[in-house]
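To start, the structure itself, in structure tokens.
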Amino acid sequence: PPAISAQPQDQTVRPLHSATFTVQATGSPTLTYQWYQGVSGSTATPAPGSNTSATYTTPVLSATTQYWVRVTNGCGPVDSVTVTAAVCDPPVITSQPQYPIVDPGEPATLSVSATGTNLQYQWYQGVSGDTSTPAPGASNSSTYTTPNLSSSTRYWVRVFNSCGSAEI
């Protein structure tokens, strides 16, 4: 009977790109492959395009989609695990923080605008790129209010997700 020796693996792709999945299987005599869209075991939606080899390249994706493959020979089938082609937009900063002038003893409020999927934010005190001093009291937010300031202080923000990061 067929056996899967290496399962396909999840992938992250940018919008309007394809993912390529590969399965390795053993068995004799001849193995056949059929890829499906959805969760493993559900044969309702054969994967679009040429989907009858050990490697499958998806069409261009605009949304996260799941796939799996059934490997068959004369002795029967074996199903792979469900794999995910996760579509992810990397962060792009669209509006940089404006650094206000504040009176001594007053806080400053900084904010950044960015696009991307599942964005996270980390504010730092110091020169851009120096991650040694996370900003005091900063949370995972596009807006940061400093503590009360007694002198000029530099701040910067790193915007990130599973696809990458952007810094200013």
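Annotation note: Cβ proximity below 9 Å between a residue of segment 101-127 that is free of Cβ contacts under 8 Å to residues at least 12 places away in the same chain and more than 13 Å from G137 (Cβ to Cβ) and a residue that is among the aliphatic types (A, V, I, L, M) and in a loop (DSSP other than H, G, I, E, B) (sequence gap 6+ or interchain) occurs for I101/A108. Note on segment 5-40: residues that are outside any strand (DSSP E or B), over 16 Å from V87 (Cβ atoms) and open to solvent by less than 40 Å² (accessible area, probe 1.4 Å) amount to 5.
Only residues that are open to solvent by 40 Å² or more (accessible area, probe 1.4 Å) and over 30 Å from P15 (Cα atoms) were counted across segment 106-119, and they come to 3.
Output yes when any residue across segment 43-57 is at pLDDT 95 or above, more than 23 Å from S162 (Cα to Cα), of a type in the set (A, V, I, L, M, F, W, C) and open to solvent by 60 Å² or more (accessible area, probe 1.4 Å), and no when none is. The answer is yes; a qualifying residue exists.
From V87, V157, grab the single residue that is under 21 Å from the mean Cα position of the chain (by Cα), in contact (Cβ under 8 Å) with a residue 60 or more places away in the chain and closer than 30 Å to Q34 by Cα. V87 is the lone residue from the list that is under 21 Å from the mean Cα position of the chain (by Cα), in contact (Cβ under 8 Å) with a residue 60 or more places away in the chain and closer than 30 Å to Q34 by Cα.
For segment 120-139, the tally of residues that are surrounded by 13 or more Cβ atoms within 10 Å (Cβ to Cβ) and under 23 Å from the mean Cα position of the chain (by Cα) stands at 4. In the set (1) without any contact (Cβ under 8 Å) to a residue 40 or more places away in the chain; (2) under 19 Å from P2 (Cα atoms), T57 fails one condition alone, (2).
All conditions but one from (1) open to solvent by 60 Å² or more (accessible area, probe 1.4 Å); (2) within 25 Å of R14 (Cβ to Cβ) apply to V83; the one that does not is (1). Evaluation of I93 against the conditions (1) more than 24 Å from I168 (Cα to Cα); (2) open to solvent by 30 Å² or more (accessible area, probe 1.4 Å); (3) in a strand (DSSP E or B) shows that the sole unmet condition is (1).
Look at segment 20-40: where a residue is under 16 Å from P1 (Cα atoms) and a partner is assigned to a strand (DSSP E or B) and open to solvent by 70 Å² or more (accessible area, probe 1.4 Å), sitting 6+ places away or on another chain with Cβ atoms under 6 Å, you get Q24/S5; T26/S5.
The values are calculated or read from the model by the stated rules, or taken from the named source; none is laboratory data. Everything numeric in this text was worked out from a predicted model, so none of it was measured. No Cβ is skipped: glycine too gets one built from the backbone with ideal geometry, and neighbour counts run over all protein chains shown. Only protein heavy atoms, including side chains, enter the accessible area calculation; ligands, DNA and RNA are left aside. Shrake-Rupley method; radii C 1.70, N 1.55, O 1.52, S 1.80 Å.
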